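Peer 1: Can you keep this structure in mind? I'll have questions shortly.
The values are calculated or read from the model by the stated rules, or taken from the named source; none is laboratory data. The structure displayed is predicted, hence computed values, not measured ones. Cβ placement follows ideal geometry from the backbone for every residue including glycine, while neighbour counts extend to all protein chains displayed.
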Amino acid sequence: MSRPEYTVIGKISYTNSWPVFHNFDPSLLKYPAKMVSEVPAFLNQGMAEGSIHVGALSSFAYAAASDRLLLLPDLSVSADGPVKSILLFSRKPLEQISSGRIAVTNTSATSVNLLKVLMEKAFGGKPEYVSAAPDLDSMMAQADACLLIGDNAIRASWQNQGYIVTDLGQLWKEWTGLSMTFAVWAVNREAVKDKPQAIAEIAEAFVESKRRGQHDLAPIIREACRVIGGTAAYWDGYFRNLSYDFGERQQEGLNLYFRYAYELGLLPQEVKMELWSHNLLTRVKE
């Protein structure tokens, strides 16, 4: 079957990635492209198989397919401390639940595996994990603690339920001193060979969209208020708290996360992160 001429771009729907995607318009690209907005599992599979050529995916999904993918530079969803949308709700302090029962959502392998790393490496515990729909009350009815992510975590954080709330980004920072990266932008290696100019154009367009999004958050904040609720002040603080860069600091934190995940048997192989570079095209610089 002949490959389509257009480049397929994957878009994750989570609010935390909106500043990178908001000003990205595939119809303005010189090389034909289309964007698919899907649930993470679909995007992760598409990126690994090559039916989606380039786009955003969770850090853990990248790790699982890293032999087939290259990371785009300068793009991530990271937090150097609190992330505000990956929250563990518990009745007791973490030391007392590290061998208890934790309900987790089945929507984010990155966050669930970060929780496992923290519980086992930082607290020396071995909790029982049960998968549950992302509803705070029903999760807490069957477990000592529960992990919520994304918009579900944000909404739950606005209610005062009397639970201890632990931000996993903050816990990771306190334990390692490093930032944590939750999503990355990557490109399928085959696509780099097949359509190098198109990939270069898309990579540049994403970085420009990020720059514009961070420069003018107002429309993104309005959309978040409309879709999810909350105040403009909350969303302004939320987006400004996140980092959308992928420099040495973010790479160092992500490397450590991958190493721990491998040591715990959560990843089948060690991950060697490789960055796509424009220089692969021109080979001007060594």
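Peer 1: With the condition kept exactly as written, say whether any residue in segment 57-65 is in contact (Cβ under 8 Å) with a residue 60 or more places away in the chain and in contact with a Lys or Arg (Cβ under 9 Å, 6 or more places away or on another chain).
Peer 2: So in segment 57-65, the residues in contact (Cβ under 8 Å) with a residue 60 or more places away in the chain come out as 57-60, 62-64.
Next, only the ones that are in contact with a Lys or Arg (Cβ under 9 Å, 6 or more places away or on another chain) stay: none.
Within segment 57-65 (the criterion being in contact (Cβ under 8 Å) with a residue 60 or more places away in the chain and in contact with a Lys or Arg (Cβ under 9 Å, 6 or more places away or on another chain)), the answer is no, since none of the residues qualifies.
Peer 1: I've got another one for you. Is there a residue being farther than 29 Å from A48 by Cβ and touching a Ser or Thr at 6+ places or on another chain (Cβ under 8 Å) anywhere in segment 91-103? Explain how you work it out, then say what you get.
Peer 2: In the first step, residues of segment 91-103 are kept if they are farther than 29 Å from A48 by Cβ; the result is 91-101.
The next check asks that each one be touching a Ser or Thr at 6+ places or on another chain (Cβ under 8 Å); those that pass are 94, 97.
There is at least one residue in segment 91-103 that is farther than 29 Å from A48 by Cβ and touching a Ser or Thr at 6+ places or on another chain (Cβ under 8 Å).
Peer 1: Within 19 Å of A200 (Cβ to Cβ) and touching a residue at least 12 places away in the same chain (Cβ under 8 Å): does that describe L71?
Peer 2: Working: within 19 Å of A200 (Cβ to Cβ): yes; touching a residue at least 12 places away in the same chain (Cβ under 8 Å): yes.
It is true that L71 is within 19 Å of A200 (Cβ to Cβ) and touching a residue at least 12 places away in the same chain (Cβ under 8 Å).
Peer 1: Kindly indicate which of G100, G150 is within 22 Å of D245 (Cα to Cα) and of a type outside the set (A, V, I, L, M, F, W, C). Lay out the reasoning, then the answer.
Peer 2: Details: G100 fails: within 22 Å of D245 (Cα to Cα).
Of G100, G150, the one residue that is within 22 Å of D245 (Cα to Cα) and of a type outside the set (A, V, I, L, M, F, W, C) is G150.
Peer 1: Could you list all residues from segment 221-246 that are free of Cβ contacts under 8 Å to residues at least 24 places away in the same chain and not in a helix (DSSP H, G or I)?
Peer 2: Residue satisfying the conditions is T231 alone.
Peer 1: Considering (1) closer than 16 Å to A183 by Cα; (2) modelled with pLDDT under 95; (3) in the same structural domain as F246 (by TED's automatic domain parsing), say which one D67 fails and leave the rest.
Peer 2: (1) is the only condition that D67 fails.
Peer 1: Which is crowded, with 20+ Cβ neighbours inside 10 Å and out of contact with any helix residue (DSSP H, G or I) (no Cβ under 7 Å at 6 or more places or on another chain), of A198, A191, A224?
Peer 2: The conditions single out A198.
Peer 1: While we're looking at this one, here's another question. If I102 satisfies all but one of (1) outside any loop (DSSP other than H, G, I, E, B); (2) touching a residue at least 60 places away in the same chain (Cβ under 8 Å); (3) more than 22 Å from I199 (Cα to Cα), what's the number of the condition it fails?
Peer 2: Looking at each condition in turn, I102 falls short on (2).
Peer 1: Among the residues of segment 1-16, what is the count of those that are among the small types (G, A, S) and crowded, with 21+ Cβ neighbours inside 10 Å? Show your work before the answer.
Peer 2: Narrowing segment 1-16 to residues among the small types (G, A, S): 2, 10, 13.
Next cut, crowded, with 21+ Cβ neighbours inside 10 Å only: 10.
Count: 1.
Peer 1: Considering only residues that are closer than 25 Å to Y238 by Cβ and at pLDDT below 95, which ones fall in segment 86-110?
Peer 2: Within segment 86-110, the subset closer than 25 Å to Y238 by Cβ is 86-90, 94, 102-110.
Answer for segment 86-110, where residues must be closer than 25 Å to Y238 by Cβ and at pLDDT below 95: L94, T105, N106, T107, S108, A109, T110.
Peer 1: While we're looking at this one, here's another question. Of (1) in contact (Cβ under 8 Å) with a residue 40 or more places away in the chain; (2) closer than 28 Å to A41 by Cβ, R91 satisfies all except one. Which?
Peer 2: Single failed check for R91: (2).
Peer 1: Something else now. Just checking, does segment 34-46 include any residue being free of Cβ contacts under 8 Å to residues at least 24 places away in the same chain, within 25 Å of A153 (Cβ to Cβ) and surrounded by 15 or more Cβ atoms within 10 Å (Cβ to Cβ)?
Peer 2: Among the residues of segment 34-46, at least one is free of Cβ contacts under 8 Å to residues at least 24 places away in the same chain, within 25 Å of A153 (Cβ to Cβ) and surrounded by 15 or more Cβ atoms within 10 Å (Cβ to Cβ), which makes the answer yes.
Peer 1: Considering only residues that are out of contact with any Pro (no Cβ under 9 Å at 6 or more places or on another chain) and either of a type outside the set (F, W, Y) or surrounded by fewer than 19 Cβ atoms within 10 Å (Cβ to Cβ) (or both), which ones fall in segment 201-211? Break it down stepwise before answering.
Peer 2: Going residue by residue through segment 201-211, those that are out of contact with any Pro (no Cβ under 9 Å at 6 or more places or on another chain) are 201, 204, 206, 208, 211.
Scanning segment 201-211 gives E201, E204, E208, R211.
Peer 1: Another one. Filtering segment 16-48 down to residues that are part of a helix (DSSP H, G or I) and touching a helix residue (DSSP H, G or I) at 6+ places or on another chain (Cβ under 6 Å), which residue is farthest from A224 (Cα to Cα)? Quick ask: steps written out before the conclusion?
Peer 2: Looking only at segment 16-48, we keep the residues that are part of a helix (DSSP H, G or I), and these are 16-21, 26-28, 40-48.
Remaining after also requiring touching a helix residue (DSSP H, G or I) at 6+ places or on another chain (Cβ under 6 Å): 18-20, 44.
Numbers: W18: 9, P19: 11, V20: 14, N44: 25 Å.
Restricting to residues being part of a helix (DSSP H, G or I) and touching a helix residue (DSSP H, G or I) at 6+ places or on another chain (Cβ under 6 Å), the top hit is N44.
Peer 1: Return yes when K126 is among the basic types (K, R), surrounded by fewer than 19 Cβ atoms within 10 Å (Cβ to Cβ) and assigned to a loop (DSSP other than H, G, I, E, B) and no when it is not. First the steps, then the outcome.
Peer 2: Details: among the basic types (K, R): yes; surrounded by fewer than 19 Cβ atoms within 10 Å (Cβ to Cβ): yes; assigned to a loop (DSSP other than H, G, I, E, B): yes.
Yes: the conditions hold for K126.
Peer 1: OK, next. Determine, yes or no, whether K92 is in a loop (DSSP other than H, G, I, E, B), in contact with a Gly (Cβ under 9 Å, 6 or more places away or on another chain) and either of a type in the set (F, W, Y) or at positive phi (or both). Reasoning before the result, please.
Peer 2: Details: in a loop (DSSP other than H, G, I, E, B): yes; in contact with a Gly (Cβ under 9 Å, 6 or more places away or on another chain): yes; either of a type in the set (F, W, Y) or at positive phi (or both): no.
No, not satisfied.
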